[in-house]
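The values are calculated or read from the model by the stated rules, or taken from the named source; none is laboratory data. Just so you know, these numbers come straight off a predicted model, no measurement behind them. Ideal geometry is used to build each Cβ from the backbone, glycine not excepted, and the neighbour counts take in all protein chains shown.
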Amino acid sequence: MGGEKTKRVIFVTVGTTCFDALVKAVDSETLQKELLAKGYTHLLIQMGRGSYLPTKSEGDCNLVVDYFTFSSSIADHIKSASLIISHAGSIFETLKLGKPLIVVVNEDLMDNHQSELGEKLANRKHLYCASPQTLHQTIVDMDLNALVPYSPGDATPVAKHINRFLGFPDD
Amino acid sequence: MENGNGCCFSSVSSIATLSSVAVVVILILIRVLHVIYCSGRPLSKRASKPVSTLIILGSGGHTAEMLNLLAVLQKDRFNPRYYIAAATDNMSLQKAMMLENSLASESGIKVADTAQFMKIYRSREVGQSYITSVWTTLIATVHALWLMIKIRPEVILCNGPGTCIPLCVIAFIFKVLGIRWSSIFYVESIARVRRLSLSGLLLYKLWMADQLFVQWPQLQQQYPRATYVGRLM
């Protein structure tokens, strides 16, 4: 009994974009307390091109918070995390790795077609979808066991159509 | 008397000019409609040799989806492959090069024999003023024309970025003029669930894509001439 708490990491990623609103939202004490209460131990923020710097933190009573700008492979960070909070660009990379995901839509981007995809996948219970303002509530309400695994798509139907159209024989 | 003859002559010649212009316009219209009609139908001949293929890459998700599609296309059929990305997009061509390099090392064929990588000027950068955009769009169109004359692909694969529009328009004009028949395949992004992107909408409304593929069923209901193919990612 006793011993160390299992390390449970939340990985926040914005890819190569600038998404200060998300970084600010996770840099909140109340949100971090909520994550702590849900059993998470570490919060790792990949902040990309953003200018807002979150506050680092250590200690047993708090979430351990750290951040960096870019990484050559966020796949490794995704694999070692228990929960991903990301911009819309990493949706499929995360779903394919089978990790629970909260997609946060960047409302500053013009032509917000990202939200269509986030909402559609949330409807199908493959992930949770939120805005920087609703992120806290989404975390409070989330039930990761209710998420349905995502089965990857298949490009062969398109390839078949293209081949047939051009007159190539079926394989 | 002379004046009378002069007036008669100039009115006859202007009628003649107008008639010739009208005839030419009608002929062009008929040709355009014929091209559109033929484009929508599969090619009649069985394909007997590889087709030169232009692959138009766009940033981020677009390239990931395109590479996903390329992975299941038979490389010996779609050959040689020309990759075009916007001048300011650094990642996409690199990813395409990685794909081609791994193919080359598997098969022993040199990359340079089967694939080429090119950049194209963007019509307009995000946030650019509309006044300078007129000039840059002109330059981008001329550049697109130059590239298309060099490549004259038989197949064009694109999936969304604005870079594909000038290239597809020029390909369509080449079809009408009989310079080269390109089969244009447009795959709308998986992120487009309820509405087509601007590129997709343009190609659809102008009947310029031979086949327009969508990944969600509600898009096919909205755009009946599109082909629903399920999710690629």
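Looking at region B:1-115, the helices (runs of 4 or more DSSP H) lying wholly inside it that each contain 3 or more residues that are of a type in the set (A, V, I, L, M, F, W, C) and over 22 Å from the mean Cα position of the chain (by Cα) sit at B:2-39, B:91-107. Here B:Ala115 fits the description: free of Cβ contacts under 8 Å to residues at least 60 places away in the same chain, in contact with a strand residue (DSSP E or B) (Cβ under 6 Å, 6 or more places away or on another chain) and small (Gly, Ala, Ser). Could you list, in sequence order, all residues of region B:171-216 that are free of Cβ contacts under 8 Å to residues at least 12 places away in the same chain and not in a loop (DSSP other than H, G, I, E, B)? Residues satisfying the conditions are B:Ile173, B:Leu177, B:Leu201, B:Lys205. Determine whether A:Glu119 is more than 12 Å from the chain's Cα centre (by Cα) and at pLDDT below 90. Taking the combined requirement at face value, the residue does not satisfy it.
Of the residues in region A:34-45, how many are touching a residue at least 12 places away in the same chain (Cβ under 8 Å), surrounded by fewer than 19 Cβ atoms within 10 Å (Cβ to Cβ) and over 13 Å from A:Thr69 (Cβ atoms)? The number of residues fulfilling the criteria is 6.
Total residues in region B:118-147 satisfying the condition of being assigned to a helix (DSSP H, G or I), surrounded by fewer than 16 Cβ atoms within 10 Å (Cβ to Cβ) and among the aliphatic types (A, V, I, L, M): the figure is 5. A single member of B:Leu196, B:Leu147 is over 14 Å from B:Ser39 (Cβ atoms) and within 14 Å of chain A (Cβ to nearest Cβ), and it is B:Leu196. Filtered by the rule that a residue be modelled with pLDDT of 90 or more, under 21 Å from A:Asp76 (Cβ atoms) and exposed (fewer than 14 other Cβ atoms within 10 Å of the Cβ), region A:5-26 gives a lone residue, A:Lys7.
Screening A:Asn62 on (1) within 14 Å of chain B (Cβ to nearest Cβ); (2) not in a helix (DSSP H, G or I) shows it passes everything except condition (1). Hey, any hits in region B:221-228 for a residue that's touching a Leu at 6+ places or on another chain (Cβ under 9 Å), within 11 Å of chain A (Cβ to nearest Cβ) and closer than 26 Å to B:Pro50 by Cβ? Checked against the condition, which is being touching a Leu at 6+ places or on another chain (Cβ under 9 Å), within 11 Å of chain A (Cβ to nearest Cβ) and closer than 26 Å to B:Pro50 by Cβ, region B:221-228 yields at least one hit. When region A:146-171 is limited to residues that are under 16 Å from the mean Cα position of the chain (by Cα) and either within 9 Å of chain B (Cβ to nearest Cβ) or of a type outside the set (A, V, I, L, M, F, W, C) (or both), the one that is nearest to B:Ile190 (Cα to Cα) turns out to be A:Tyr150.
Just one residue in the set B:Thr114, B:Thr163 is crowded, with 17+ Cβ neighbours inside 10 Å, over 30 Å from A:Glu116 (Cβ atoms) and β-branched (Val, Ile, Thr); that residue is B:Thr114.
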